[in-house]
Structure formats: structure tokens, C-alpha cells
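Colleague: Mind looking over this structure? Questions follow.
The values are calculated or read from the model by the stated rules, or taken from the named source; none is laboratory data. Everything numeric in this text was worked out from a predicted model, so none of it was measured. Cβ coordinates were reconstructed from backbone atoms using ideal geometry, including for glycine residues, and neighbour counts include every protein chain displayed. Side chains included, ligands, DNA and RNA excluded: accessible areas come from the protein's heavy atoms. Shrake-Rupley method; radii C 1.70, N 1.55, O 1.52, S 1.80 Å.
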Number of protein chains: 4
Amino acid sequence: MHSTTPIRRFGASSAGRFVVLAIGLAAMTAYTVPDLARAAGGWLSASLWCCLAYFAVEGFVRYRAAAKTGEVRNYLASASGIVDLLAVFPAPIALAFGVAPATSWLFAALWILKLAQNSPGFALLGRVFMLEAKPLLGVLALFLIILVLSSATMHMIERDDQPGAFGTLPASLWWAVVTLTTTGYGDEVPHTVLGHLVGSFVMICGIATFGLWTGILATGFAAESRRANFIQTWDLVSKVPFFQTLDPSAIAEITHMLRRLEVPAKTAIIRRGKVGDCMYFIADGEVEVDVKPAPVRLGSGSFFGELALLGDSIRTANVATSQASTLLILDLADFRTLTAHHSELARAIDAEAKRRTTENLQVRELQIRSGATPS
Amino acid sequence: MHSTTPIRRFGASSAGRFVVLAIGLAAMTAYTVPDLARAAGGWLSASLWCCLAYFAVEGFVRYRAAAKTGEVRNYLASASGIVDLLAVFPAPIALAFGVAPATSWLFAALWILKLAQNSPGFALLGRVFMLEAKPLLGVLALFLIILVLSSATMHMIERDDQPGAFGTLPASLWWAVVTLTTTGYGDEVPHTVLGHLVGSFVMICGIATFGLWTGILATGFAAESRRANFIQTWDLVSKVPFFQTLDPSAIAEITHMLRRLEVPAKTAIIRRGKVGDCMYFIADGEVEVDVKPAPVRLGSGSFFGELALLGDSIRTANVATSQASTLLILDLADFRTLTAHHSELARAIDAEAKRRTTENLQVRELQIRSGATPS
Amino acid sequence: MHSTTPIRRFGASSAGRFVVLAIGLAAMTAYTVPDLARAAGGWLSASLWCCLAYFAVEGFVRYRAAAKTGEVRNYLASASGIVDLLAVFPAPIALAFGVAPATSWLFAALWILKLAQNSPGFALLGRVFMLEAKPLLGVLALFLIILVLSSATMHMIERDDQPGAFGTLPASLWWAVVTLTTTGYGDEVPHTVLGHLVGSFVMICGIATFGLWTGILATGFAAESRRANFIQTWDLVSKVPFFQTLDPSAIAEITHMLRRLEVPAKTAIIRRGKVGDCMYFIADGEVEVDVKPAPVRLGSGSFFGELALLGDSIRTANVATSQASTLLILDLADFRTLTAHHSELARAIDAEAKRRTTENLQVRELQIRSGATPS
Amino acid sequence: MHSTTPIRRFGASSAGRFVVLAIGLAAMTAYTVPDLARAAGGWLSASLWCCLAYFAVEGFVRYRAAAKTGEVRNYLASASGIVDLLAVFPAPIALAFGVAPATSWLFAALWILKLAQNSPGFALLGRVFMLEAKPLLGVLALFLIILVLSSATMHMIERDDQPGAFGTLPASLWWAVVTLTTTGYGDEVPHTVLGHLVGSFVMICGIATFGLWTGILATGFAAESRRANFIQTWDLVSKVPFFQTLDPSAIAEITHMLRRLEVPAKTAIIRRGKVGDCMYFIADGEVEVDVKPAPVRLGSGSFFGELALLGDSIRTANVATSQASTLLILDLADFRTLTAHHSELARAIDAEAKRRTTENLQVRELQIRSGATPS
């Protein structure tokens, strides 16, 4: 998102926004409870106005950023722009038109849409729905067919017995939705034997259509997730010098195997003595390997954790990030496959591992000679 | 569907049919509500007759088309023919036999089946059910076994305590269906401790069988969807001259990677300045690339959007369809894999991209020299 | 199942067993309804005894078959033997001990287990549960942890407010099961704000654990289903002479692609004029191709339907089975991949297709010369 | 877990722990039922103290083991340490502070967390949640958005009609959670037509988000499960001398195909006369093949069951473990693929199979000559 920078400058960290959002929604919720509104009405109102101000400023920052690059129209038509508009204007406008405050502030519920601006997985979900639109519409059609036919049947069967619950088709449709989604409020329940049979059929259809729906989304998600991962990993892989000697086909293969991991500064990655089943490449950042006599720092393009994969799976040193880093994880399973297919890679990792072990042993020998306690 | 053409000639666009269907179903629903029927009975009745007439004409067009090719029997036995018959005849016949209008028009619920004629994903869903028939029947058997055994047990446990709800086996079966599908109306609930234990077991079995069901459908759907996609894409791929130099094995590989996209005329495909992660081949139709000094048109067999994949991922021009087109999308992940495996393809795309960039730069130079503002 | 033959000899077709089972269960169900039992008690009782006799004979046939091969112990310990015992003995024993008939006959519910003897997908489902036992137990543990902790919490929160529904831990556990499985009877509902928060958390945990459960079963099912298919297809492939020239690696590849289809006699496989997207190999049986002047019969080892894949996808003749047959289906997608990888196969299919087309054209020419109407 | 040994020494088998856990939880549950507590209060209390003592000793053993290696801090911060603390201290502390026993012992519910220490699939589930954190958070955001917007809308629609159920936003939110998770208690149900429409939309959204959630977990689980299996199988494969002649790429391929099976001593693996569809490699332990004249024992590194795969799929001998063993299973499908790709492996298995068959035949001939009855 190109507008992140001005927002950041305005001081709105992601965590801060969540706090404002939570306060705003809590205040709005409390406002609808008469007792609370009476007791703390002023405070609630003030909180709501503060949150509104926050979102107004946030929207304004984004607007100005768009105005500078002459993309105001694009911004206002974008999802982000619409969310900003919906967050700021409805509540004040309603108040201005004389709507009761308790009702006007209900529009603050629209602030929850701010979550969509922040959530990293949202775009992915949208793409899955797009990708699988056809079969999903097929399931929806199936759902509607069952809905209409079963509610007409139920209306015919039960209308004499229960004129309240099944006497009209709209009432019957409500029963069908409640049943087909297996929600089952129990406010409308068939009483006749025939009604029970139709009801059973609808429930079983409900879990069948639901199963289809889930199956479609699972399939679409698996495909899209593989794709998204590849695209985000590709750029990082090209930054690791170690991989640059490989031919394009091998790079594509490796990219499918690696997983990204964003780690904040001062975070432990590896603990000595634990079982290790993966190695790490540093795409960006720096880590500190806690070896004797002095810790070693590894920067972008280096790798670590390979000793556990080559040897007896036990980590030989603590490793922690010294600054926020992006790591690429290669699991044991993929490591085996990779080194089997690309012997030059296997040799390079092996050589580095030997160099490190030798160095370590020499240091340890020195320590022992000089009387230091090996830990 | 070979009968689409006469229907189209009759003027029934897909959107039009949906409107007729929606009006018909709404009128039918309103007809069952006494107040509405009394207030607007005439209008509702008229709407219903109009919709019926529409479906009758539609069915007749299809019938005549079948009659011309001597396939009347095939048509009447086909799903489409049966839907047409069910849409047209039941309601008038019921009226003719003197059934009350409010009841007769309930048969209009069958119009919803028209959705099945139109829905593109329906055939796919049907194939998945066929493909996985054996394990699905296994789950159904499991479902029935749990149903019968649990309801007999519950009848034994609770019949003395609640003769109304569990006094007979049919009542007990109704409880079991409502519980096993996790619908849970709450009209029949066990009260004894033993009943609670059995009930808990049934609920857990319910989500287990449901999980199996979903798992089976997900598996079947993934396989069938891959297949359906290949078959529909294959013909389009063979129309793109660019791919015709490849050997069959490479074409099969590419076909698995491409996704079809049907785009109406005058629709934006690419926007300048956005991040791009795919390129497009035109299987059918025409697009307009908005470059200076004059827009360029690309027809069937051309490709575009490759610059973002080769360069810094930023789109360099707006592209929109000038007529309804069918595009084939190649994602970044697959683009990498493909060019890695087929260097001749990589070279061809590269050469074309260079040609385009050079041309563009020359134009831009000319513009600058001639004092035009580069946008 | 090695004991199928004696059962068949006894005359028990699969459909017949289902009818007996359905009658038995219906009679048992009716027996628990006082009005029906009073009105038709004699008939119901007679039906039940008949069904029991049927299952007793069936069990006895199996027992004798086992006795002949000296495997009585194996039979009695097998699932099939236990089902036979449970179907025959409990009801008469209960009657003999003087239990009321309405209660004794409830043991007839055990007859539903006969479904497990017949269902082809049952073994597969069992294998999936075995294969994924570890993660499924993990989910079960998670389920139990949430169950116990949430019910203890809810008991603490709501016991003063609702001593009936949450006053004891068993009552609270019942609420937790009903909520965690998203059944939601509504017989016990939290009333306090804190109770609502805990309840919301439990519901969301419910769909999360359920999602995990489904995901695990989907994964296990996909793997097991692929395996089962391979094993059943392998033997059939080895019967088709066409494939015998291939090397083992290619045969393994083909086996993964083919799908089995059991077709009864006199069933249409292909209809002229329809779109075709697969070809067929005959593993066992015979089909009749309806070409002029006289239909051609193809036996085991032949293939058909390849013309649509090579040409314009339109079927050129009707094909129907002349006896019960087992076909192997090769879809267009796999056909492309296969012929791309194995050119000798492509050539063989091509040669046969050309031979057939030529023959067909010659026949047609003859027809035209002799004045026959080509259809 | 490095602390298993001291626990074992303390005599706490896994089954024993489950029994203690079950007794403890049952006693705690009974303690909350006034009648039971009055009748058997002393016994319940004693049981609870015993279970507490057991868990205290267990925790102490673990603590001492950690103290010996100087890792007390690590232990107390680990999940295992926290569970130990929560199991032992809360209940006595509450009692010491004078809380009523019935309430204090509710903390015994925390004992259920002991399941997490033992469950093998737990770590796997945790990893899946980590791996798919981003899209799962996306679904959660979607869930929250629907929740807040729908409850605000419902509050607006229904508050005049049902001030109790929808009069405040918290009440409305409770309805939304109950509906969106398809739990459907039925304690709050919309009555107006508009309310029904919104409610229907919420239910359908409920199953949609749920489907997404399941799809994501299924995808993540499939990936993680493949990985976990590879890592655990890899070490076992390297112990089988038979595979050591293969190149690394082939070993990686085989590792993906094999499934581990832990078998206790004296367990039947293969029964003569059954259909066999897999062969076994012994990674660890010993099996006894029941051949005439004397049973043969096969130790680590041997394989068996290959005859059924090479011949007519019928097992020719009984095989049972003579001690607890770890077997690697190779299914028919993978066996075919493997021997097709690696002819040297195929030859080795074939040679061994021939040797065994010949030996067997010779023995049988001897038996026949010497008048023994072949069985």
C-alpha cells in the first residue's frame, strides 16, 4: 500500500489503530445500554468523538497523499477510500439531521471495516472467491433450489397444523433457511410425520451443500495460497547470493520449498540442545550466533542451522536476531530433496558447515587448554 | 447447450430470465400471505400468469428446436426438458382441477429449477457426486447406523421420563436427525444423565461424519476441477500462435498453468502504476493498450502484461478490452517455472518485451523533444 | 469377501437384503407406536419374525461356509460374524427372558449394522481413521480440554443465576457439549454478560476444532483414496494388451490416470452428436458400436471413443454395452499428457483411429452410391 | 521429551496417568452435585487429594530432572512446567484462603491440560495454526466485521419489537455470535420480515466463513502432515541396510512413500490367505514368520510381505511381531512406482522373494516325502 508512509508519519502504528478501534466499538456498544449511557454518557460520547477524530485525520492524511499524486478519484473509488468515508461521515450527518444520538452512533459499527484495510489475509480470501466463483454459484443455486422447494412443500404439509409457523410462504422460507444452515433456532418446528421426513431431508441436504462449499473453498485456497507464497518468496530468494549460481529452473524449485518468516529484533530463533529440523537463510537483517569466545554476526545472504540437518539433529548454538529480519526457512524434508537434486548446493553447504565445525573445535580446544569451562 | 441459439433469438438474455424468475417467485410468495393476496391479488395473479407465459414460450422454443432435428424424445427425457415441463404444466392443471389458486400457484416453486438450467457449476457438482459415490454412500451408511442405534437407545432411556418426546421410535428418530446434523431445534432434549451421555456421543459423531463427508467432497472436487479446467483451456491454447511451436508435452504443461477469464467489452484489465503479478494471452477478442502517441490494439494470439513480470512489477500502461474477449492468465509463479523449463519461450517473450520498451522510449523521446508533457 | 458365493446361492441379492432390512426396521419402528401396534400388531410381529428368520438363515449360511474351511473361530471374531450374531440373538433372548415384546424388538435396531457388511466405502473410511489416528486424537484432546475448562468456568459464573442449568458440573458439561458441537438446543443458555463472553468463545472454538477435524479427514481421505484407486485399477490395466508393451514406469503412470467404471449390460456409454471428453478401454466385457451397415462389437482389451479426442470433440457413433462390462476411462486432460510423454502410444491410437475413420468413410460412400440415406 | 525417563522411573505409565486423570475429573464433577457430595463427600475429597498428590509428585520429578541439568528456568517457562504448576497449586491455595471446597476443587478442571502434555498430535496442530496464521486472521477479521455490522443492523430493526432480545447492542451481539456460528439456541430470534432477511444473510455468511476456515486448515494440515511424516520416517529409512545402496534422490523419494507403524510385541501383522496390498520393512524390532518346519525370525533391516505384491496378492504365511517393533509400510501403488523407477531395487526384492519361495517349496517337498500333512 503506497499510502502507508504518511499514515505512519501521522504516528498511527498498527497496534495503536487496533486500540482506537476497540475503544470506539466498546463505547458505541455501551452507549446502547440505557444504564451505562445514563451513568457514563459524557465519557462515552467523548470517546466516540475522539475515535471519530482519529479516523477523520487518518482519512485526511490518505486523501492528501492521493491529492499530491493526482489520484483523488482513484482513492475515493478504492475500497480503502470508501471505508474511510463510511467511517467518518454517517454518524455526524445523522446527528446533524437530528437523529437521536444512541441511533446515530450506531453508524460507528462501520469502523469495524477498518479491519479489512489492515488484514493481510483479506486480499487472498477475495481472490479465492473470485477464482472459484463458478462452482460457488453452482452451490448457491443448489441451496436456493432446495430452499424454495422445501419451504413450499413444508407450507403445504404443515399450514393447517401450524398456521403461525408455516401458514405463509415467507414464514416457511425462514424455517427453511434456519434448518438448511443447521442453525435450528427451534422457533418453527414441523409437527407432522410427513413434516419430519421433509425436515430430515432438508437437514441432510444442508450438510451436503455445506460440505460441497467447504470442499470448493479448500481447493481454491490451496491453489491460491501456493501462488501467493511463490510470488512473495521469489524476490527474497533473488537477494540471497547463495542461490544466484543456480539455473532458473532450480530457483523456481527452491522458491516453492522456502517459507518466509518475519522476526522482530532480539528474538531467539534456535536454542542449543533442542532438536532441529530446518535451516535458515537470511534474506534481510542480521542474526547473532552465540559461540565462544565471541558471538558471530551473520548478515543478509548468510545461512545458519545447517549443522543439525547434516549431523545428529541437535542444535549446537543459540541464535537470535540482532535486528528485525526476514528469514527463509528450509525444512528437513525439502533440504533432503534439494541436496539430492543439486549436488553443487549440497557441497557448498557441506563445506561451510565443516569450516564452522572446525573453527568451533579449535576454539574449544583453546578454551580447554586455557582452563575455561566448556559449557 | 445446442439450444441456446433459438432461446437467444426469442430475446431471453440470461439477466432477463433471472428477473422473470425473481418476479414469479416473489409473486408466488406474496400470494400465500392473506393480507397481501387480498390487497394485490389481481396484480399477483397477473404477474404469475405472465411469468408462466414466458416459461411456456421458452419451453416451446426449445421444443421446436428439438423437433427440427428430430430429437423430441431426447429433449423430453433430458433434464432441461423435464424442468420445462415442470415449470409450465402443474399450476394450470391444478387450477383446471379446481384446486384453490393459493395452493395451485405453489407449484410455481418449481420455477426455481430453472436455475439448474443456467448454472455453469452445476454439471461439475454432479460429476463430483458421481465420482465419489462409493465413499459418500459409505458415509451415508455410517450416518444411518448411528441414527437408528442412537434413537433406539434414547427411546429405551428416556421413554418413561418424556413419553411425548421419546415415547415412540419415530419421535426418537426425529430427535436423532436433528441432533446428528447438529441442527438442534431443542424441541426434544434428553433429561437424564444417561440420555446426556448418549446425546453427547451422537453430537460428536455428527461432526465426525460431517467432517468425513466434507473431506470426501473436497478431494473429489479438487480432482474434477483440475480436469474441467484443462479441457476448457486446451482449445483456447491451441488458438494462440505463440504456443503452436511448442511440443505437445509443453502444451499440456502450459494448459495446466493457464486460467481463463471472460471479459466484457470496455473493461480495464491493467492499470498503470499498480503492482502486476501476471501476464495475459488473448485467446479471443481485442484489447487496447493506452500508450502515447496513439493507443495500440492487440488481437487474438497476442500477449501483454509481460513487462511487469520481467521488470520491477509495476504496470507501465493501461490496458482495456475493446470488445468482449477471452484471456488466458499466466501467473508470476507459473511464468517463472515455464520460462525456466522452456528457454525458447522465454527468449520469444523477452524479445517482444524489448521491442516494445524500445518503441516506447523512442516515442517518449520524440514527445519530450517536441515539448509534449510525459504523463 | 470369500463368503459371497454361498450367500448368493441362498438367493440373497444385494437389493433383496435392502428390502428385508427396510421392512424389518419399519416394522420395528411401527411397533413402538401404540396406535399402530394395536391396529396391526400381528402383522408387525410376523414381519419381524420373518426378517429375523432371513438374517438367521443368512448368518447360518456364512457359518457353514466358515465351518467347511475350518475357520469358524475367525468368522465369529470377524466384524461380519459379530454383526450376524447381534442381528439374530438379542431379540429372541430378550423375549425368552420375558421382556415385553415392544422392548425386546428394539434390538432389531442392530439389523442396521448389516449396512456395514455391504457398504463398499466402509473399509476405506476405516483406513482413513487409522491413518490419521494421531492428529485426530490431538483434536479430541483439544475438544476435551475446551469442554472441561469452559464448563467449569461457566459453572462458576452462572451457578447463582441459574442453579437448574449450571448449578452442577454435569449440567454445565452438557451445555458445553451442546455448544461446542454448535448443536445449540437452547435448553441451557447463559444469561450474564460474562457467561455470554465465555459462550461466544466456546462457539468459536467449536467451529475451529471442527475445521481442524475436517481438514485432517480431508487430507487423509485424499491420500487413501488415491491408493485404493491405484490398487483396484492396476489389475485391470494389466489385462489390456494395448498397455502391455509399455515399460513399468509408464504403466504406473497410466494406472494413476485411469478411472474404473462398472457398467451393466445394455447401457449407453456414448451418444452420437454429444461432446466427448474421454476415451474408454474395455478391461472386461463387450460393447456394441452402432455404425452402418452393421454394428461392430469390441471385446476386452479394445478401446473406443478416441475419435472425439483426436478430432472436433463430437461423438461420431452410439456405443452401448452388450454385456456387463468394466471400462477404464481416460480423460482428455490425461490423454494429452499421456500421448505427449509416450509417442508410441499416441501413434498406436492414431493408427487405429485412422483405420476406423477410413473404414467408416468407405462404408458411407457405399451407402451414398447405393442410395441409402446417411443418418 | 527429555524428561520422560525420570517420569517412567517414578512408575507413571501413560495408561496410569489417564486413569488418575479420569478419576480426578470424575471426583471433581461429582463434588459439584449436592446429593453426591453429601453421600460420598469423604471419598470424593480423598480421591481428589490423592490425584493432586500424584500430579505433585509427577511435577516434582520433572522439576528435579530439570534442576540436575540446571534448566529450572527453562522448565518453569515451558508449556509442560506451566501445566504442572496449574495442576498442583491453585486448588490448595484456594482452600488455604478459605474458599469453599466445592469451589476450590473446581480448579481441578485444570488437570485436563495434562492431556496436552501427552497428546502426540498437539504439536502438529499448533504448527498448522502458526503456518496459516495470516489467512486465519483474515477469516477472523471477516467474522468480526459480519458480527458487528449484523448486530448493529439487527438492533436497529428489532429493538422496538423485542426490547429484551435486541434492545441493547450487547444482547444483539450475543444473537449474532449464536447465529453466525450456526449454534442457534433460539433464545433470541428475529420476528420482523426485515429481521428474517438479515438473519438469513448472517446464517449463510456463517457457513461461508466456516467453509473458508476449514479450507485453510485443511490446506495447512496437508502440507504440515507431509513434512512431519518425512522427518520422522527419514531416520528410520537410514537404518534399513537395503536402502543404503540408493542415491540420496531415491532415498528422499522412498521416504515420502513409506508409512511408519509402531507395533507391540506378539501382534499379528499378516494372516495367511488374506489379500495383501503392501510389504513391510523392519526398521526396529523382530518378527516371526510362521513357516514350516520351523518359524523364521527376521530382524531389523529385513523385509517381508513382498510375495503378495509380486504374485497373486494372497498372503502365504502368518507373520507376527516377537517384540515391540517399528515397521515401514510400502503400499502396492508405491511399490509399483518404486520398482518401475529403480530397477536395482526391483531386482533385489525379486531375488530375495525367489530364494524364499524355492526354500519353501523344498521344505514342502520334504514334508510330503516324509508323510507330513501340508497345511
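Colleague: Quote the relative contact order of chain B in percent (integer), defining contacts as alpha-carbon pairs under 8 Å separated by 6+ residues.
Modeller: Working: 428 pairs, mean separation 38.0, N = 375.
It rounds to 10 percent for chain B.
Colleague: Next question, about the same structure. Using only Cα atoms, tell me the angle between helix B:169-180 and the longest principal axis of chain B; keep it within 0 to 90° and round to the nearest 10.
Modeller: 20 degrees
Colleague: Sticking with this structure for a sec: Pull out a ≥ b ≥ c, the square roots of the eigenvalues of the alpha-carbon gyration tensor of region A:304-343, then state rounded if a/c is under 1.5, prolate if not and a/b is larger than b/c, and oblate in the remaining case.
Modeller: Details: a/c = 3.17, a/b = 1.49, b/c = 2.12.
It is oblate, given that a/c is not under 1.5 and a/b is not larger than b/c.
Colleague: What list of ³J(HN,Hα) values in whole Hz, one per residue of region A:314-325 in order, does the Karplus curve 6.51 cos²θ - 1.76 cosθ + 1.60 (θ = phi - 60°) give from phi, with Gly and Pro shown as x?
Modeller: Once rounded to whole Hz, the list reads 9, 5, 9, 7, 7, 10, 9, 6, 9, 8, 4, 9.
Colleague: Something else about it: Quick query: amide H of A:Glu286 versus all other amide H atoms, modeled in the peptide plane; which residues come in under 5 Å with a sequence gap of 5 or more or a different chain?
Modeller: Under 5 Å from the amide H of A:Glu286: A:Ser322, A:Gln323.
Colleague: Report, by chain and number, residues whose modeled amide H sits under 5 Å from the one on B:Asn318, excluding near sequence neighbours (fewer than 5 apart, same chain).
Modeller: Residues meeting the amide H criterion: B:Arg272, B:Asp290.
Colleague: Checking the cross-link filter: which aspartates and glutamates have an alpha carbon closer than 13 Å to that of B:Lys292, excluding same-chain neighbours under 8 positions apart?
Modeller: The qualifying aspartates and glutamates are B:Glu359, B:Glu365.
Colleague: For region D:83-159 and region D:328-357, compute the distance between their C-alpha centroids and round to whole Å.
Modeller: Rounded to whole Å, the Cα centres lie 50 Å apart.
Colleague: While we're here: Hey, how many Å between the Cα centroid of region A:10-68 and the Cα centroid of region C:289-312?
Modeller: Each part's Cα centre sits 73 Å from the other's.
Colleague: Each residue of region B:124-139 in turn: what ³J(HN,Hα) in whole Hz from Karplus with 6.51, -1.76, 1.60 and θ = phi - 60°, glycine and Pro shown as x?
Modeller: 4, 4, x, 5, 4, 4, 4, 4, 9, 4, 4, x, 5, 5, x, 5
Colleague: Additional query: Step through the table entries C:Lys274/C:Lys354; C:Lys134/D:Lys68; B:Lys274/B:Lys354; B:Lys266/C:Lys274, compare each Cα-Cα distance with 23 Å, and write down the pairs that go over it. Write down the numbers at each step before the final one.
Modeller: Values: C:Lys274/C:Lys354 21 Å; C:Lys134/D:Lys68 32 Å; B:Lys274/B:Lys354 21 Å; B:Lys266/C:Lys274 35 Å.
Beyond 23 Å between Cα atoms: C:Lys134/D:Lys68; B:Lys266/C:Lys274.
Colleague: On to the next question. Quick one: net charge around B:Glu132, please, counting Lys, Arg +1 and Asp, Glu -1 for every other residue with C-beta under 14 Å from its C-beta.
Modeller: Numbers: positive: B:Arg127, B:Lys134, B:Arg227, C:Arg226, C:Arg259, C:Arg260; negative: B:Glu224, C:Glu224.
That sum, taken over residues with Cβ under 14 Å, equals +4.
Colleague: For chains D and A, what's the summed buried accessible area, probe 1.4 Å, to the nearest 100 square angstrom? Intermediate values should be presented prior to the final figure.
Modeller: Values: alone 21360 and 21360 Å², together 38210 Å².
Answer for the D-A pair: about 4500 Å² buried.
Colleague: Could you order the peptides A:92-99, C:322-329, D:78-85 from most to least packed, using the average number of other C-beta atoms within 10 Å per residue?
Modeller: Numbers: A:92-99: 12.1, C:322-329: 18.9, D:78-85: 17.2.
The packing order, highest mean first, is C:322-329, D:78-85, A:92-99.
Colleague: Nearest 0.05, what FRET efficiency do B:Asp350 and C:Arg226 give at R0 = 30 Å with Cβ-Cβ as r? Let's see the in-between values first.
Modeller: Details: r = 39 Å, r/R0 = 1.31.
Working from the Cβ atoms, E equals 0.15.
Colleague: Counting Lys and Arg as +1 and Asp and Glu as -1, what is the net charge of the other residues whose Cβ lies under 13 Å from the Cβ of B:Glu286? Write out the running numbers ahead of the final one.
Modeller: Values: positive: B:Lys266, B:Arg297; negative: B:Asp284, B:Glu288.
So the environment of B:Glu286 carries a net charge of 0.
Colleague: Compute the Cα gyration tensor for the protein assembly as shown, then decide on rounded, prolate or oblate, letting a ≥ b ≥ c be the square roots of its eigenvalues: rounded whenever a/c is under 1.5, prolate when a/b is larger than b/c in the other cases, and oblate in all that remain.
Modeller: Values: a/c = 1.01, a/b = 1.00, b/c = 1.01.
Note, shape of the protein assembly as shown comes out rounded.
Colleague: Of B:Ala94, B:Val139, B:Thr183, which is farthest along the charge dipole of region B:91-226 in the positive direction, counting Lys and Arg as +1 and Asp and Glu as -1 at C-beta?
Modeller: Among B:Ala94, B:Val139, B:Thr183, the one farthest towards the positive end of the dipole of region B:91-226 is B:Ala94.
Colleague: Give me the angle, in degrees from 0 to 90, between the Cα long axis of helix B:14-31 and the longest principal axis of the Cα atoms of chain B, rounded to the nearest 10.
Modeller: 20 degrees
Colleague: Also: Please work out the C-alpha center-to-center distance from region A:206-260 to region D:175-246 and express it in whole Å.
Modeller: Measuring centre to centre over Cα atoms gives 19 Å.
Colleague: Given labels modelled 7 Å from the Cα in the Cβ direction, how far is it in nm from D:Ser313 to B:Phe89?
Modeller: Label at D:Ser313, label at B:Phe89, 4.8 nm between them.
Colleague: If R₀ is 51 angstrom, what is the calculated FRET efficiency for the pair D:Leu197 and A:Val72, using the beta carbon separation as r and rounding to 0.05? Display every interim value, and only then the final one.
Modeller: Numbers: r = 36 Å, r/R0 = 0.71.
Efficiency at R0 = 51 Å is approximately 0.90.
Colleague: Now for a different question. Run the helix sum for chain A: -39,500 (n - 2.57) per DSSP H stretch of 4+ residues, divided by residue count, reported at 222 nm to the nearest 500 deg cm²/dmol.
Modeller: Details: 17 runs with 242 residues, N = 375.
After summing the helix terms and dividing by the residues of chain A, the value is -21000 deg cm²/dmol.
Colleague: Would you kindly derive the ³J(HN,Hα) couplings of region D:63-70 from the backbone phi angles with the Karplus curve 6.51 cos²θ - 1.76 cosθ + 1.60 (θ = phi - 60°), listing them in order in whole Hz, with x for Gly and Pro?
Modeller: Residue by residue, region D:63-70 yields 4, 5, 4, 5, 4, 4, 8, x Hz.
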